[in-house]
Amino acid sequence: MKIIIINGPNLNLLGKREPEIYGHQTFEDYFSVLKTNYPTFELDYFQSNIEGELISKIQEVGFSYDGIILNAAAYTHTSIGVGDAVKAISTPVIEVHISNTFSRETFRHQSYISPNANGVIIGFGLKSYDLALQSFI
């Protein structure tokens, strides 16, 4: 099964950025753990701070991969374009958030992705990605 994890803005700073919310582990280190724990999956990873690059990647893989795990970060709450890209593709998408967005600022309670995603996993730290992978089994 071919799955890609797509991360949005500022997630390249995991391990450094607000560790009280996001923890101390880099995503690259965690991704290595995921690859070890799911050897039967072909896992790819993409991160960008640029909205258009996220949309382009979703379109690129959205008809050929078996699944997308998408953490669009702040674009979740602001980007109609990312939401439309998820709606336009046939590959199933699981929306993931490391923190519980509903326990944070009010603007983070709105998602333009959720209405078009197959599921949403929120608030389990990096384990949220693991849970999303399990949903594809």
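The values are calculated or read from the model by the stated rules, or taken from the named source; none is laboratory data. Note that the structure is predicted; figures quoted are calculated from it, not measured. We place every Cβ from the backbone using ideal geometry, glycine too, and count neighbours over all the protein chains shown. Note: accessible area is taken over every heavy atom of the protein model, side chains too, but ligands, DNA and RNA are not part of it. Shrake-Rupley method; radii C 1.70, N 1.55, O 1.52, S 1.80 Å.
The table that follows gives values for the structure above.
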quantity: Solvent-accessible area per residue for the chain (1.4 angstrom probe, square angstrom); calculated: 48 Å²
quantity: Three semi-axes of the equivalent ellipsoid, the chain, Cα gyration tensor, whole Å, largest first; calculated: 20, 19, 13
quantity: Order of exposure, largest accessible area first, which applies to HIS109, HIS77 with probe 1.4 Å; calculated: HIS109, HIS77
quantity: Test item: Cα-centred dipole of the stretch 65-137, Lys/Arg +1 and Asp/Glu -1 on Cβ, debye; calculated: 140 debye
quantity: Shape category assigned to the stretch 57-137 from the gyration tensor of Cα positions, a/c cut at 1.5; calculated: oblate
